[in-house]
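In what follows, a structure is listed as structure tokens, so that the remarks can point back to it.
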Amino acid sequence: MKIEMNEGRRSFLKSSSLGLASSAFPSLLFAQPGGIGSRPTPNFKPDVEVELTARKSYLPILKGRNTAIFTYEGRLIEGPEDTVKNIPGSYLGPIFNFVHGQKVRIYFYNKLPEPTIVHWHGLHVPQKMDGHPMYGISTGQRYVFEFEIKNRAGTSFYHSHTHELTAEQVYKGLAGLIVVTDRHEQALELPRGEFDLPIVIQDRRFTQNNQLSYVGNMHERMMGFLGDEILVNGKKSGVIPVKAGVYRLRMLNGSNSRIYKLGWDDGTPLTAIGTDAGLLEKPATRPYIMLAPGERVDLWADFSGRETGSEVVMRSLPFSGAMPPMYERMQGGMGRMGGHGGMGMMSASSLKQGAGFDIVKFRIGGKSADAMTLPSRLVPFERLKESEAANPDSPVPIAISMGPMAPKLNGKSFSLNRVMDFEKVPVDTIQKIRIFHSQAGGMGMGMRGGMMGGRGGMGMMMSMAHPIHMHGQQFQILSRTFDGNRADEYATVKEGFIDNGWKDTVLVMPGEEITVLKPFQHYKGLFLYHCHNLEHEDLGMMRNFYVG
Ligand code: C2O
Ligand code: CU
Ligand code: CU
């Protein structure tokens, strides 16, 4: 087992406080001449070749002065013309359209003034192609990604995964959408072309000079960044012109920590045809759908029969229970408090976590030519069984805890290359994984029954929702259980989960315990699991599985 690391990364790490001496992988080598991924592999024959450059730029987002942003610029070198679809006027990177089975080569250039690396969230690729922070490249360097698209049809997400800079780089604009199609999807009658719309939702905060402002203090970081302007596809427009027909809306929550409770303003239920990186077996209808950072949901939105000139609004409906009780109480009782109230539980954003607001309006123009019926069956769905797991009775734990200075997983903070014994997973197995809130290891330790009294004590007092993401293959949710605490708040979200599809990110509410079945096929090496609240991720709420 040898984990190599880039030249650029090496000097960066040397100067940082990360001790790697007691590595679980003593054979770890930092430097390969020229670095990993700096050259294409001669025997890899790509069907598609793309150039992707991360750079600083300026864009008009609000009226007045341009906003300084980071962005990905794409250019197709070889392959089908729709492979790279730029979104004009948006800081978001191009939409990549890939086909199952395609071999893809991406020449990635870092023209930012700081290190960076790209991760293909949702795609199942080898360790060296996965954008692990250890592969960060410095300014002026190149990383050549080469992988085969092994995914089924679905919507994925690429973004910066730079060591301790992920949140800020994504916030500044380093993110984009990946669309994968396959023959199963092609055989279905689904909305295509102009009727297949990306809806990337992000919240931002601007200074009076229209510049992006980011977290102010440690407390805000602990709770996660919240903005007060909602951007869709990198823009503030708020209105999308549509025809009176059926649309596929590929919703992605690309926010750092804001959770959305998607709902139509007129109470029409939502119909999902896909979750994260896969289509469902059959459509699922919910009164509202919870969408946590990193999650995607593909909606079947039928505007046919709506009047020309009318509008339908996608909202985030009010909910509670995602934040610690103290936060909920103070926000609920007093509204906007500014950044320094209480125990620092207040957000500097005027839009608290769980507030209700409009996300985007759809304005109906003319009629659509084609009528469409929602298929009752979508794709053949391979349901994983608990009996297929290598460890049905001893699930791999992912214990969530909130320490005074950092949220943790399994009682530990992130290490670039160290794994604990139970984080070692045999390749080509299906693992049962249990995600739960732990009182130990965090503030709960030694303070049980303290300030808050009763069950859970300090640990429960700090308990908040965490979107837990695992790299590599998609998983399936086996069970979601709730302990009954804060039940009134939980009632505001509980109907909004779609747990019977393929997932790579799952929202774990306070009091919830979730078990999943996850295949670890094809690739050995280090694969991350972490909280997709990006402030939490950068605070170290991330660990590695070592697949071997
Ligand atoms: Cu979208 Cu490791 O993240
Ligand atoms: Cu990922
Ligand atoms: Cu978290």
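When Ile230, Ile199 are checked against the criterion of being more than 16 Å from ligand 2 (Cβ to nearest atom), in contact with an Asp or Glu (Cβ under 8 Å, 6 or more places away or on another chain) and in a strand (DSSP E or B), Ile230 stands alone in meeting it.
Would you call Ile77 under 18 Å from Glu146 (Cβ atoms) and loosely packed, with under 15 Cβ neighbours inside 10 Å?
Numbers: under 18 Å from Glu146 (Cβ atoms): yes; loosely packed, with under 15 Cβ neighbours inside 10 Å: yes.
For Ile77, the condition - under 18 Å from Glu146 (Cβ atoms) and loosely packed, with under 15 Cβ neighbours inside 10 Å - is met.
For region 348-399, the set of residues classified as of a type in the set (S, T, N, Q), touching a Phe, Trp or Tyr at 6+ places or on another chain (Cβ under 9 Å) and modelled with pLDDT of 95 or more consists of Gln353, Ser394, listed by residue number.
When region 482-537 is limited to residues that are aliphatic (A, V, I, L, M) and out of contact with any strand residue (DSSP E or B) (no Cβ under 7 Å at 6 or more places or on another chain), the one that is nearest to Asp203 (Cα to Cα) turns out to be Leu534.
Filter region 485-502 down to residues that are of a type outside the set (Val, Ile, Thr) and assigned to a loop (DSSP other than H, G, I, E, B), then give me how many there are. Step through it out loud before you land on a result.
Filtering region 485-502 down to residues of a type outside the set (Val, Ile, Thr) leaves 485-491, 494-497, 499-502.
Keeping just the survivors that are assigned to a loop (DSSP other than H, G, I, E, B) gives 485-486, 491, 497, 499-501.
Total meeting the criteria: 7.
Each row is one residue, and each column tells you yes or no for (1) within 16 Å of ligand 3 (Cβ to nearest atom); (2) more than 22 Å from the chain's Cα centre (by Cα); (3) buried (at least 24 other Cβ atoms within 10 Å of the Cβ).
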{"site": "Val99", "(1), (2), (3)": "no, no, no"}
{"site": "Lys111", "(1), (2), (3)": "no, yes, no"}
{"site": "Gln127", "(1), (2), (3)": "no, no, no"}
{"site": "Asp130", "(1), (2), (3)": "no, no, yes"}
{"site": "Tyr143", "(1), (2), (3)": "no, yes, yes"}
{"site": "Thr155", "(1), (2), (3)": "no, no, yes"}
{"site": "Glu164", "(1), (2), (3)": "yes, no, no"}
{"site": "Ala167", "(1), (2), (3)": "yes, no, yes"}
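When Gly442 is tested against (1) surrounded by 17 or more Cβ atoms within 10 Å (Cβ to Cβ); (2) modelled with pLDDT of 95 or more, just one condition goes unmet, and that condition is (2).
Scanning region 111-124 for residues that are within 12 Å of ligand 1 (Cβ to nearest atom), among the aliphatic types (A, V, I, L, M) and either within 17 Å of Gly101 (Cβ to Cβ) or assigned to a loop (DSSP other than H, G, I, E, B) (or both) turns up Ile117, Leu123. Pairs needed: first member in region 495-507, free of Cβ contacts under 8 Å to residues at least 60 places away in the same chain and more than 15 Å from ligand 2 (Cβ to nearest atom); second member anywhere, among the β-branched types (Val, Ile, Thr) and outside any helix (DSSP H, G or I); C-beta distance under 7 Å; at least 6 residues apart or different chains. Final answer for the pair search is Asp499/Ile477. Within region 34-54, which residues are out of contact with any helix residue (DSSP H, G or I) (no Cβ under 7 Å at 6 or more places or on another chain), among the small types (Gly, Ala, Ser) and surrounded by 21 or more Cβ atoms within 10 Å (Cβ to Cβ)? If the condition is that a residue be out of contact with any helix residue (DSSP H, G or I) (no Cβ under 7 Å at 6 or more places or on another chain), among the small types (Gly, Ala, Ser) and surrounded by 21 or more Cβ atoms within 10 Å (Cβ to Cβ), then Ala54 is the only one that fits. When restricted to residues that are surrounded by fewer than 21 Cβ atoms within 10 Å (Cβ to Cβ), in a loop (DSSP other than H, G, I, E, B) and touching a residue at least 60 places away in the same chain (Cβ under 8 Å), region 268-296 contains 1. Name the one entry in Phe30, Phe25, Phe12 that is at pLDDT below 95, in contact with an Asp or Glu (Cβ under 8 Å, 6 or more places away or on another chain) and surrounded by 13 or more Cβ atoms within 10 Å (Cβ to Cβ). Checking each option against the conditions leaves just Phe30. Please verify whether Ser160 is farther than 19 Å from Leu416 by Cα and within 12 Å of ligand 1 (Cβ to nearest atom), treating the condition exactly as stated. No, not satisfied.
From the set of residues in region 180-211 that are of a type in the set (Val, Ile, Thr) and over 12 Å from Thr155 (Cβ atoms), which is surrounded by the fewest Cβ atoms within 10 Å (Cβ to Cβ)?
Taking region 180-211 and keeping what is of a type in the set (Val, Ile, Thr), we get 180-181, 199-201, 207.
Imposing the further condition that a residue be over 12 Å from Thr155 (Cβ atoms) reduces the set to 201, 207.
Values: Ile201: 22, Thr207: 10.
Here the residue is Thr207.
State which residue pairs qualify: first residue within 19 Å of Lys45 (Cα to Cα) and inside region 71-95, second residue surrounded by 21 or more Cβ atoms within 10 Å (Cβ to Cβ) and among the basic types (Lys, Arg) in any location, beta carbons under 9 Å apart, and separation of 6 or more residues or different chains. Close Cβ pairs (under 9 Å, with a partner that is surrounded by 21 or more Cβ atoms within 10 Å (Cβ to Cβ) and among the basic types (Lys, Arg)) amount to Ile77/Arg105; Glu78/Arg105. Number of residues in region 250-260 that are in a strand (DSSP E or B) and in contact (Cβ under 8 Å) with a residue 60 or more places away in the chain: the value is 3. Please tell me if Tyr91 is over 28 Å from Gln473 (Cβ atoms), in a loop (DSSP other than H, G, I, E, B) and either at pLDDT 95 or above or of a type in the set (Asp, Glu) (or both). Yes; evaluated as a whole, the condition is true for this residue.
Yes or no: region 511-527 includes at least one residue that is within 26 Å of Gly356 (Cα to Cα), part of a strand (DSSP E or B) and more than 16 Å from ligand 2 (Cβ to nearest atom). Can you show your working first?
Start the filter on region 511-527 by keeping residues that are within 26 Å of Gly356 (Cα to Cα), which leaves 511-512.
Filter again for part of a strand (DSSP E or B), leaving 512.
After this cut, where a residue has to be more than 16 Å from ligand 2 (Cβ to nearest atom) as well, the list is 512.
Yes, because at least one residue in region 511-527 is within 26 Å of Gly356 (Cα to Cα), part of a strand (DSSP E or B) and more than 16 Å from ligand 2 (Cβ to nearest atom).
Residue under question is Arg105, and the condition is that it be under 21 Å from Leu231 (Cβ atoms) and modelled with pLDDT of 95 or more; does it hold? Spell out the reasoning first.
Details: under 21 Å from Leu231 (Cβ atoms): no; modelled with pLDDT of 95 or more: yes.
It is false that Arg105 is under 21 Å from Leu231 (Cβ atoms) and modelled with pLDDT of 95 or more.
Out of region 381-423, which residues are over 23 Å from Leu539 (Cα atoms) and of a type in the set (Lys, Arg)? Across region 381-423, the qualifying residues are Arg383, Lys385. Scanning region 531-546 turns up at least one residue that is assigned to a strand (DSSP E or B), within 16 Å of ligand 3 (Cβ to nearest atom) and in contact with a Cys (Cβ under 8 Å, 6 or more places away or on another chain).
The values are calculated or read from the model by the stated rules, or taken from the named source; none is laboratory data. Because the structure is predicted, anything quoted here is derived from the model rather than measured. Because the Cβ atoms are built from the backbone with ideal geometry, glycine has one as well, and the counts that use them run over all protein chains shown.
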